[in-house]
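Read through the structure below, which is laid out as structure tokens, and then see the notes.
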Amino acid sequence: MKKYFNFIRKSIIRHKAFLVQGLGMILFLTMLQASIPLAMRKMISEVTVRQSVLSIPQGDIVRISGANGSGKSTFVKLMTGLLRPTEGNILLNGIPGREVSSDSLKNEIFYISQDEIFLNDTVHNYMEAMLNRPVSGEELQCVRDKVQLDASVTEIANNGLSMSGGQRKKLLMMRLLLGSQNVSVLILDELEAGLDAEAKAHLIQLKKNLVEMRKDAIIFIISHAENEDIPFTKRIEL
């Protein structure tokens, strides 16, 4: 049994050795016709019409929309490497996604969903743990001021349920602002959903500012709003 596990471990190590570890900045994405899942096939055929390839270069701002269950979560999983297509592929700088290490993907693709799990810790420690880097007090205060999170919110308890829904959304927006600085691909979910009109308008403006600042990135925005004042270069309806 021990020999068997040693063999498996060595096989995993050998497999990792063949994965691309230092992908670097992603300058373009290419989605080849993928057969898994059906929602992804539908997306590609609708967007590219008769073509089987969808190219997304650096600087593109892509709107992703669709009803619940249409495949938005699957799309995100494909983009972040949590789900691999069994046929077709997603190429990153021409390299098949299945050949890129998960660490490289995490370094270059940043996504926060509306349903993130919160750690029971201080806000500062939570940010450092989720971003996997030190965060200075000045950095933290800067983004706290930007999202207008109450200064009294310093601790996370009961997996975030100790805070209001609005406070949780603002905490996620803080993490987005801190984590979006040096990545190649941003996937922006509707973090403003469920907020009152004033708070919603404020977070939408922060998202617009972020898009304006990161013109060097590939940005996907999951959105249902038809009148969102963002200069989309591509639209994908699921």
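Each reported figure results from applying straightforward, stated rules to the coordinates on display, with no laboratory input. The model shown is predicted, which means the values in this text are computed figures rather than measured ones. Using ideal geometry, Cβ is built from the backbone for each residue, glycine included, and neighbour counts are taken over all protein chains shown.
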Inset, instruction - Describe numerically, in nm with one decimal, the distance between label points set 7 Å from Cα along Cα→Cβ at ASN132 and at GLU87. - result: 3.3 nm
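Pull out a ≥ b ≥ c, the square roots of the eigenvalues of the alpha-carbon gyration tensor of segment 109-173, then state rounded if a/c is under 1.5, prolate if not and a/b is larger than b/c, and oblate in the remaining case. If you can, show how the numbers build up before the last one.
Values: a/c = 1.29, a/b = 1.09, b/c = 1.18.
Rounded, because the longest to shortest axis ratio a/c is under 1.5.
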Inset, instruction - Give the shape of segment 96-238 as rounded, prolate or oblate, defined through the alpha-carbon gyration tensor: a ≥ b ≥ c are the square roots of its eigenvalues, a/c under 1.5 means rounded, and otherwise the shape is prolate if a/b is larger than b/c and oblate if not. - result: oblate
Inset, instruction - List every residue whose amide H lies under 5 Å from the amide H of ASP60, counting only residues 5 or more places away in sequence or on a different chain, with H placed 1.01 Å from N in the peptide plane. - result: ILE219
Legend entry - Under Karplus coefficients 6.51, -1.76 and 1.60, residue-wise ³J(HN,Hα) of segment 136-148 in Hz, glycine/proline x: 6, x, 5, 4, 4, 5, 4, 6, 4, 5, 5, 8, 6
Inset, instruction - Under 19 Å Cα to Cα from LYS208, which aspartates and glutamates show up? Leave out anything in the same chain fewer than 8 places away. - result: ASP60, ASP145, ASP189, GLU190, GLU192, ASP196, GLU198, ASP216, GLU226, GLU228, ASP229
Legend entry - Whole-Hz couplings from phi, Karplus 6.51/-1.76/1.60, listed for segment 159-170; x for Gly and Pro: 6, x, 6, 6, 9, 6, x, x, 5, 5, 5, 5
Legend entry - 3J(HN,Hα) from dihedral phi, segment 79-96, Karplus parametrisation 6.51/-1.76/1.60, rounded to Hz, x for glycine, proline: 5, 8, x, 6, 10, 10, x, 7, 10, x, 6, 10, 9, 10, 6, x, 9, x
Inset, instruction - Quick one: which residues, 5 or more positions from VAL100 or on another chain, have an amide H under 5 Å from its amide H? H modelled 1.01 Å from N in the peptide plane, none for Pro or chain starts. - result: VAL20
